[in-house]
Each structure stands twice: as structure tokens, then as C-alpha cells.
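The values are calculated or read from the model by the stated rules, or taken from the named source; none is laboratory data. As the structure is a prediction and not an experimental result, all values here were calculated from the model. Because the Cβ atoms are built from the backbone with ideal geometry, glycine has one as well, and the counts that use them run over all protein chains shown. The protein model used for the area step is the full one, side chains on, heavy atoms only, and it has no ligands, DNA or RNA in it. Shrake-Rupley method; radii C 1.70, N 1.55, O 1.52, S 1.80 Å.
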Amino acid sequence: MKPTQFDYVRPDSLDEALSALAETDDAKVLAGGQSLVPALNMRLLRPSTLVDINRVPELDNVTRGSTSSLVVGARVRQSDPRLNAHLVLAAVLPHVGHTVTRNRGTVCGSIAHADTAAELPLALLACDGTAVVASARGRREISAEELFLGPYTTALARDELLVESVWPELREGDGFAFEEFAQRGGDYALCMVAARVRGTELRVVVGAVAPVPTVLTVDADSPGESAVAQVEPWGSVHGSPEYFRQLVRVLVDRTVVRAKEQAA
Amino acid sequence: MGAKAASEPWVGRPLLRLEDEALLRGEGRFVDDLDPVANARHAAVLRSPFAHANIRRLDPTPALDLPGVVGVLTGADVVELSRPFPAGIDSPTPHYAAAHEVTRYVGEPVAVVVARDRYVAEDALELVDVQYEPLEPVLDAEVAVSSEACASDRSFHYGDVDSALARADLVVRERFRSARWSCTPVECYGVVADWSEAERSLTAWANFQGPFTLHSVAAGALGLPGSKLRLLTPPDSGGSFGIKSAVFAYVVLMGLASRKLGVPVRWIEDRLEHLAASSSSSGRLTHVEAGFTSAGELLALRYDAIEDVGAYVRAPEPATLYRMHGSLAGAYRVQNVAARNRVVLTNTMPSGLNRGFGGPQLYLALERTMTIAANRLGLDPADLRRRNLIRAADFPYRTPSGALYDSGDYGSCLDDALTLAQYDERRAEAEAARAEGRLVGVGMACVVEPSISNMGYITLAEPGEERGLPKSGNAEGCTIAISALGGITVHTATTPQGQGHRTVIAQVVADRLAVEPSDVDVLTEVDTATSPWTIASGNYSSRFSGVGVGAAAAAAERLSEKITAIRAHLGDGSASLRRIAGTVHWNPEALPPGMEPGLAVTAYYAAPNLLPPDADDKVASSGAHGFVADVAVVEVDRDTGEVTVLDYVTVHDAGRLLNPLLAEGQVRGGLAHGVGAALFERHVYDEDGNLLTGSFMDYLAPTAPDLPEPRIAHRESPSPFLPLGAKGLGEGTTMSVPAAIANAIADALGRDDVEPPFTPGRVWELLRQ
Amino acid sequence: MIAVDVIVNQRRYREEVEPRLLLSDFLRHRLGLTGTHVGCEHGVCGACTVRLDGAAVRSCLLLAAQVDGSEIVTVEGLAGGGALTPLQEAFHRHHALQCGFCTPGILIAAEDLLARDLPPTREQIVDMLSGQLCRCTGYTAIVDAIAEVAGA
């Protein structure tokens, strides 16, 4: 289990990083590496170049956004205590991997990796968050709703780097709950659900049971049942499609109840 | 540990381990930490991506062009340079160290690339030009049993099962399935192989664990006399639990690579290779017929077992089916027992030793049957068992299939477990919880834990007239040498992988030589050229505390007698060990007349109660028999199928405990593996024979939050047959836990068709039916 | 080749590495620090855990090229040549290791946890151990050993 050969570039500035990405067709960005390097070791990925952004100074910021939001730079680790200021991140991060992998894994890296069974993409969508991406061509924002296109696939162009994720704060009176079902502590979820109650609005997002984290329109009176009709999970070694539907039913009900309690 | 009274022996005390400090400092020496021979090149193995396929073409030439590549060994080379592995029964298809022309499981080696380093070797693997023609795989043992894939079919009869079933008030007829799973040691296999053309011999270092019968198997495949396969094990091995026995096949494969390419070859298995192609438990489907009186007396037991051993019968298979042969009746007095054993090949990884080895499969069937019978008779499962348990006064007890149970008080152990678990209260609570709609259940298992396997039991797989020379091997060896300055060095062939053999042997030797355990250096590296080993040596069937310790005690006693005689001859009763040793080394003239010079003893010890199988197919399959009584309380989440173990109680009687601290560690470790098999672990293949659990992301081994906190108690009924009265205890809970948890889940769900592993997805499928 | 200038267990090493060389292989086979073990190379088992600039990380998921300019502590660096650390002593007393293969990674991960501002609770210790696979002990003794040092 050893990676194929690749070139290694370690830029010291964002501009250098973006030029490196512009110069190669099949470069991969190396941030925390907690998903990328296993895939390299298994030779599932064979990039020609790795662009290691861990020394880019601009990317280590955690700042307050212009609106009420937390802006998290691309190098910020999942264990970074500055993230606990954000209630959604504080709720979700303990479920992301393990203590040791959070020391290295980054928030933005997990989002850019776009594994539907990972917590952070779902959380960004639950918050109605945004990804800020940059390339040598310029900078743009992509809403979470438009970011995730498929398993491990995002709307980022090949030369773009996810430089920041923007996490809107919960508002006074909002209720939020997150639940995941995994077979062991720290495993990828078999199913996970985040629910946000804001006034009469109910925002429910499911992950791991659809190709991308997905916003569902749920009936407030029978949230779980209405959610099930909107997912078409595939079976796996861990359960049948019916089982995954059941998890959606149960977790949506549980999160909605909890989110409503919080809002009350 | 600190001071002790002068008269108090070291054995029996919870001495802290002598092994620990090196391991804690990172100074352990595992196989990949060694550079035992200069200029070893690194191997990577090309493996079949198909469960069953013809190899139409295999051309290594493109790989040879890659800079850094030394060469390639192909399946064709393997067939030319070696012989098929011998096994306990004839295999329908010859088993070589690599596939040639036909591959039979995903992960089967088809070639070995040797290169400058592992990175380049893996690069070169991708360049080997192979063309496969996929064939239909055989994956369902139940289907395969009626084809040529059935490699063995033997039936055994003890007593009169038919008449007993005919007079039974209740006959339970059920089928039970044990999944394939593996203990997955955290360290994978490793081999360094160095062929000498001049000597026509292979020297190999491998984290092998025995049984050393497999040394003969490897030498046979290489076409070498045993003396020409010098096998060495490193001082440390990162867990095994049976699994590393099968590294022998890679000793042969890498030996052939070294021979063909003329360089020493190092191969360190990676985790993906390990999960696909190292070893695992057998799978077993057992049909049980069990007859009971209305009062709950078990009158007769009949098993019909279909054993899935994977793609080849790889030695020591089909031993999983026979290891428990003497204990087919478990802990019960039933006299009428029959078994039909069929061994079936499927296009999956070959099976082999795995903690519990046959016990989990047997007891899932037997202990589920006992609980089912109790429920159908309206009896408490504990009462039904108590009625049938072998009584304390009956020991030593000969089972109908030939085992000699040495000692025990099964009823008291069960009572201890019930008391500790507050069984009656828990049963009442579970019933009350169920009345409220919760799914809470209580289960139990009573298992006899055999230890010290009789290597002869495997010959039962052949009819009596085909068994060849009688076999009953189980002996272990030990050498103790005292240096001129009085330093004590023990050399054991028990090949530990973490069980603390150094510590226990030091305790045993210290008692006999009147020194401190810290004065005793114990070497656990085995070198088949120099170590005191036998065909049965190694670390399996929980044999250390019986025969491993037996050999150390015998050597120490003989050394002690010699020292005593010298002391007497010198006329100085208080002469120090150092003085005695100096005298022996420097001045043999001073020894008693006729005494052999030297202060070293090699002793061998074999259990005194093991014979080859007899003409009636009875066999004392093990030298000692402990007992385990467990109670499990579980709750099933109706919504998700998730199982929570609310309480787990296990009471053991493994005879005398040599070191209670280490005994506790073995019980906890065995229990963790049992919980893994009960709740998480299973090798899953799809309908094409692709392995779906090929990484640690999908093969789920339990981690700290996933295990219950067991409550453990002991009784000590010393074995009258063994020198220290100690029996094995490393496997009992791996045998008992799946059955106890299955019984608890059946109780919680109110149904009998439950089958481990109880992953939430599988449990929920039961709930929705 | 990439130049790597790194301090490991207070000793400075200057090496040239191929970009793809994993840190675990660099430590074990280039520097000879074989106390760091490799159990899965996909980040699940935790046997290869080392401290990189203070944080416990998986060395199988890092490239050697990445640690240029960093400071690393491996299991060999915990006690150095001196007495065992309190955590190592606690592992010994509690029989928290059997084969010892997973132990270096667990010690390193636990040292990181114990170095934080607040001592971990027993629950946090168990949670941390969800990332460290041990197949010998059943974990209880490991939790007990870490908890003793944490005062939990």
C-alpha cells in the first residue's frame, strides 16, 4: 500500500499555490490528508502533483464574516478550538473521525473531498453556508447547495482551491440538532441528519444515504415519513436500502424533535 | 512487584510483566524491525482480482524493465520449483504457494515482484501483464456440498442417537450459521527469506506462531528435509490469535522468490492483503437434532456440519471441525452423540486457526439449542443446563466421543455467574421491559474450554484404516542454561504474541531455582536449528500454561536437582548459585563422580492423558478442560437494530491461575474477540466472490467505546494431570460470547432465527419481518 | 528529491526523500526508529501515531516531505534514555499492553490528550481510543492506565 509517484509542491503563498494548480491538469490539493492519503496509499488516486497548502499563511484564519458568520480558512484543523464558537461546528465536529485524525484533518478539506458520509459537507449545507474558491483566474463563492455535485465531486474547477468555508451562525431562537448513526464511534455515518428550526421554517439535511448531502422538504407533522419518500439509498455491506430508509425515518424524527425543543 | 514472603511461591502471584518495558520504550523487535540478513530486496504480491478465473496469460516482462526491479516469480515458477502443500485430507485441487493457470479466490497470489523497495515493487506489480478469463465461482457451501467441492464426509456415532431421539419428549431441530471472521492482529504477516544455493537450504524469519507441524508442511512444499528449512521467529509478534499460523504459505512463496532471483527477499504484508488473503475462521452451517425429556434431560445430540474452509484445504484444516471432537457434548452428561462432518471448498480465502478454533462454531449450535429447548419445555435456561451439567463428583469424566475432562465444578461456576449477574432479577426486569415495548433480553452460555490440543485428533478426518502412523503429539520443549557467573537463560519454543510467556516462565523457574523472576532471562525467539521444539510446539490451543510451563518446570526441576547434588558434594549447603555455576564451568573435576559436566538442561513435556484416536473414533482431543459460564443482558433498539450489551458476566475455571493479572488480560481479550464476532465482524463476499470487507473501513473490529465492561470471576479446580494444575484460558470467552449474546438477542426479540454477527442492519431486518 | 530537515526526539536529521515516501516509512526505515508501528496504512488502526509539533497524528497519512522544519516525538522519545514516564508506568501496572504492537501509537495519542488544558474525563479517554485499535486487551486496562494519570 504505497502511493504512485508524484511531484510535490509546497507553496509559501496563496498565489504560488494557485499557480501550481493552474500549471497541472491533475494536481490534488494536500491539506490534512486524512482522506487523500489513504486514497493515495491504496492507489485509488494517482495525481501527477500534490500541492501542499499547509504552509500557506493566508489560509490559517478563523474570522468573523461580514454577515453573522464564521469564516474558516483552508488550513484550519478540525481540532482547532476557535471552531467551538460556532454552535453547529461544535455539535458536529466531535463526530468527525477521531481525536487524532481531527488534529490533522481540515474543515475545508473535508468539504472539498465531498464524501456524502462525512459530517462537515452536510453541516455546511445545514447552515446554508458557502465555499469561497480561488484560482489564478479569480475568486468566487459557491453556495453549499450548489457545491456538491456527486460522490467526491464538487463544483470546483480543476484549478480552483477551496480557500474558505463560510458558516452562518444560528440566530437567536433557532433550534439545531444533529444525529448520526454509525456502527462504531468515529466511523463514517451510515446515515446522518441535521435539522434547523427557524421560526416556522424547518430545514432538514440528510447525508450518507444519497450521493450528496441533500436538503429535504419535510412535513412538520410526520417529518421522518415524509423524508423517506425523498431518498433512494443504495444498499451496502452494512444494510439494505430499506434499512437505510429506516435510519432516515428515525434520525429525521429524532433531530426534528430535538431541534424543536431547542427552539422552544 | 515488591517483596514476598520467602515461602510464598512466585507462581500464582499477579507479577507485572517482564516484557513491558521494551515494548513501552519502542524497543520491541517485531519482524519488520529486523534486518537479519544484508541486502534483502522487497517483495510485493500480485493477487487475483477474480474469485475464480483461468489465467490466460501472465507475462512479467514489462515489469522487468522498470528500474529497481530485481525479478518476478510467477505461479508457473512456483509449480516448477515446489510441491503442493500437504494437508489433513486430500484436496480436490492441489494447493501451491501461488496460483498457476487457475485462481480460486480474490487475493490469491499469482506472482511476486521483487524490487529495490516496496514502492517500486508495487509500481512493477501494475506492469505485469495478466489476462484472466473469469469462471463461475462457488460461494455457497450449502450448494457446494453436493458437488466435487465436498472434500470430506465423515460420520461419527457414540451411543444410540436414533433410539434416544425416538423416546424424547421434545426434539429440537434447528440450523445455526457461524460466519467467517478473523481476529486481525494489528501487525500483519512478515517474512524475510534467504535461499542458499550452496546448502540447498532456506533460512526464513517470519512472525510464525506454530503449530510447528506447519514447518513440516512448508518444508514438504519446498521439497526439503526439515533440517534445510531453518525457520526463525522474532522476539516480538504483534498479536496473532491463530491467524499467523498461515504465514507458513508465504514462507514458501518468498523462499521460492529468493531461490529463483538469488537475493534475500523481504515481504511485509499490508492490511488489504491481510484482509483478503491471510486467514480466517471457517464458516459453519450446523443442523442440530437434540432430544430432551419433558423434565429437561438431554438424551441425544446429532450434528450435521457443513464446514466452509475456503478455496483450499490448507493445513491444519480441516482441524477446526475436529479440535472440539472430544467435547461434542459440551458441558453436558448426554451419552448419545452423533456428528456428520462435511468439508466444503468455496472460492474464498482459505480458513485456518482463529481464536476459539471450532469452539465458537460448536457452542453457537449447542448453546442456542439448550436455550431453545428450555423455552419450548417451559423451563428456565439455567435450570435446564444445571440438570444436564457434568457433576463435580464425576471428574475425571470421559465424554462419549473420548475426551477426558480433568476437573471442574460446573454447577458452582454457573451458580456464581447467576449470582454475580443477579440473574433472576435481570430476567424479571427484561420481562417487564418487554411488556413496556422495549427489547431487552438475557442470555447465557456454558462452555467447556479445551486446551493443549492432541495433534492426533486431525487424523479423525480420515477413516481409521487410512490414518497412517498413530499420532498424539502435544509435547513442548525448554532449555535452561546457567552461565559461569550464575546468569539464568531460558529458551522456550512457545512463540508468544503478547500472552506474557516470559513473565510466567520466569515465575516458574524462579520458584524452582530459588531466585527472583527478574534474574531469569527468557528468550522467546525460536530457531528451528537450535531451539528445543517439537512438531507440536507453538502458541495455539491455549497450550502454554499446560505444556509450555510443564517443559519449563521440568527443565528447572532437573537443574535444581543437579545444583542440590553439587551443593551437597561441595559440602557447602549455603553455596550461592554463582559459586555453583562457577564451579561447574571452571572446575568439572569438583563435580560429584559420574555427573555430566555443564549446567544446562533441555527438557520436554507432554500431557500424560493424550492417545491417538481409537478404532471407535474416540479421541482425547485436548489435555485439559476449563469451564466458562456467561450471562449476557442486551437491549435492542427497535428503531435502528442497534444492540447494546447492558451487562456481561463471565465466570471461569481454568484450574490454577499462574498469574491472575495475565489471566484477567486473557479473559478480557478473548471476550473482546467474542464480542467482535457477535456484534461486528464478518468477511462478506458478493455474488461474484469479491470481498466487500477488504479494508478496516468496512471490516469492523471493535474499538474502546464498542465493548461492554465485563464482570469477571474465577474458580480454581486444578487439573490433576498437569504439573502446575493450570489449564488454558485464552479462548473460552471467544467461544462463549457469540452464543451467550445470541441467546440474549433471541430472548429480547422473542424469536429463534437469530444469527451473528448482530450488526444493526442485520438485526433490523429481523425486526421488520 | 525533497530535502527534509527535521528534529525527531530532540535529534536533528537532514535527509533527502522521494515525494511519495510516507512519514511512517521514513521514521522506521530511514531513521531506524522502529518503535512506530504500521498496522493499516489507511488511517484506521492508529498504530503509527506520532506527535508532530505537539499534535498526535497518523504518520501513515503524512509524507516525509511534509515534516521539513518540524519537530516530531515518537515512542522512543517519551522516556528517552531515562525512567519510564508516568503514563508508561501506568500501562505497565495496569497490564494495559499484551503484544505491545498498538501500544506506541496509543501512548502518543494519550500523551497528546493528557497535555491539553483540562485533564480528560474517562469518557473522553474512551472516545479518543475509538481511533486506536487494540486486539489483545479489550481496552479496559488501557482506559484505566490513562485515567489514572489523568486523575479521572
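Filtering the stretch B:710-728 for residues that are closer than 21 Å to B:V643 by Cα, open to solvent by less than 20 Å² (accessible area, probe 1.4 Å) and among the small types (G, A, S) leaves an empty set.
Look at (1) within 14 Å of another protein chain (Cβ to nearest Cβ); (2) out of contact with any strand residue (DSSP E or B) (no Cβ under 6 Å at 6 or more places or on another chain); (3) open to solvent by less than 40 Å² (accessible area, probe 1.4 Å) and you find that B:R29 fails only one, number (3).
For every residue, the table says whether it meets (1) within 30 Å of B:L135 (Cα to Cα); (2) of a type outside the set (D, E, K, R); (3) in contact with a helix residue (DSSP H, G or I) (Cβ under 9 Å, 6 or more places away or on another chain); (4) modelled with pLDDT under 95.
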| site | (1), (2), (3), (4) |
| --- | --- |
| B:L24 | no, yes, yes, no |
| B:R47 | yes, no, yes, no |
| B:A53 | yes, yes, no, no |
| B:R57 | yes, no, no, no |
| B:R83 | yes, no, yes, no |
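B:T492 meets each of the listed conditions (1) closer than 30 Å to B:L364 by Cα; (2) polar (S, T, N, Q); (3) touching a helix residue (DSSP H, G or I) at 6+ places or on another chain (Cβ under 7 Å) apart from (1).
Being within 18 Å of C:Q10 (Cβ to Cβ) and facing chain B (nearest Cβ under 8 Å) narrows it down to one residue among C:L97, C:L52, C:L84; which is it? Being within 18 Å of C:Q10 (Cβ to Cβ) and facing chain B (nearest Cβ under 8 Å) holds for just one of C:L97, C:L52, C:L84, which is C:L84.
Reported count of residues in the stretch B:262-283, each being of a type in the set (A, V, I, L, M, F, W, C), assigned to a strand (DSSP E or B) and surrounded by 23 or more Cβ atoms within 10 Å (Cβ to Cβ), is 2. Just so you know, in the stretch B:85-144 the residues that are within 14 Å of another protein chain (Cβ to nearest Cβ) and in contact with a Gly (Cβ under 6 Å, 6 or more places away or on another chain) include one that is most open to solvent (accessible area, probe 1.4 Å), and it is B:R116.
If you check B:S412 against the conditions, is it outside the structural domain of B:A536 (by TED's automatic domain parsing) and either in contact with a helix residue (DSSP H, G or I) (Cβ under 9 Å, 6 or more places away or on another chain) or open to solvent by 20 Å² or more (accessible area, probe 1.4 Å) (or both)? Spell out how you get there, then give the answer.
Details: outside the structural domain of B:A536 (by TED's automatic domain parsing): yes; either in contact with a helix residue (DSSP H, G or I) (Cβ under 9 Å, 6 or more places away or on another chain) or open to solvent by 20 Å² or more (accessible area, probe 1.4 Å) (or both): yes.
So B:S412 fits the description; yes.
Are any residues in the stretch A:24-82 touching a residue at least 12 places away in the same chain (Cβ under 8 Å), more than 23 Å from C:R116 (Cβ to Cβ) and basic (K, R), and if so, which ones? Residues satisfying the conditions are A:K28, A:R43, A:R46, A:R55. Restricting the stretch A:49-80 to residues that are among the small types (G, A, S) and open to solvent by 40 Å² or more (accessible area, probe 1.4 Å) leaves a set whose member that is farthest from the other protein chains (Cβ to nearest Cβ) is A:S66. Assessment of the stretch C:8-26 against the conditions (open to solvent by 10 Å² or more (accessible area, probe 1.4 Å), within 14 Å of chain B (Cβ to nearest Cβ), at positive phi and in contact (Cβ under 8 Å) with a residue 12 or more places away in the chain) yields at least one matching residue. Taking residues in the stretch B:207-228 that are on the phi < 0 side of the Ramachandran plot, and partners anywhere that are open to solvent by less than 30 Å² (accessible area, probe 1.4 Å) and charged (D, E, K, R), the pairs with Cβ atoms closer than 7 Å and at least 6 places apart or on different chains are B:N207/B:E187; B:N207/B:K244; B:F208/B:K244; B:Q209/B:K244. Residues that are more than 10 Å from every other protein chain (Cβ to nearest Cβ), under 23 Å from the mean Cα position of the chain (by Cα) and of a type in the set (G, A, S) within the stretch B:675-692 comprise B:A677, B:A678, listed in sequence order.
Listed here are the residues, each with its yes/no results for (1) surrounded by fewer than 24 Cβ atoms within 10 Å (Cβ to Cβ); (2) of a type in the set (S, T, N, Q); (3) in contact (Cβ under 8 Å) with a residue 12 or more places away in the chain.
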{"residue": "B:E642", "(1), (2), (3)": "yes, no, yes"}
{"residue": "B:D653", "(1), (2), (3)": "no, no, yes"}
{"residue": "B:P660", "(1), (2), (3)": "yes, no, yes"}
{"residue": "B:E664", "(1), (2), (3)": "yes, no, yes"}
{"residue": "B:G669", "(1), (2), (3)": "no, no, yes"}
{"residue": "B:H673", "(1), (2), (3)": "no, no, yes"}
{"residue": "B:F680", "(1), (2), (3)": "yes, no, yes"}
{"residue": "B:N690", "(1), (2), (3)": "yes, yes, yes"}
{"residue": "B:G694", "(1), (2), (3)": "yes, no, yes"}
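Does B:D511 satisfy the criteria of being free of Cβ contacts under 8 Å to residues at least 60 places away in the same chain and open to solvent by 20 Å² or more (accessible area, probe 1.4 Å)? Before the answer, list the steps.
Working: free of Cβ contacts under 8 Å to residues at least 60 places away in the same chain: no; open to solvent by 20 Å² or more (accessible area, probe 1.4 Å): yes.
Considered against the rule, which asks whether it is free of Cβ contacts under 8 Å to residues at least 60 places away in the same chain and open to solvent by 20 Å² or more (accessible area, probe 1.4 Å), B:D511 comes out as no.
Would you say C:I125 is out of contact with any helix residue (DSSP H, G or I) (no Cβ under 7 Å at 6 or more places or on another chain), outside any loop (DSSP other than H, G, I, E, B) and either open to solvent by 10 Å² or more (accessible area, probe 1.4 Å) or within 14 Å of chain A (Cβ to nearest Cβ) (or both)? When the stated conditions are applied, C:I125 does not pass them.
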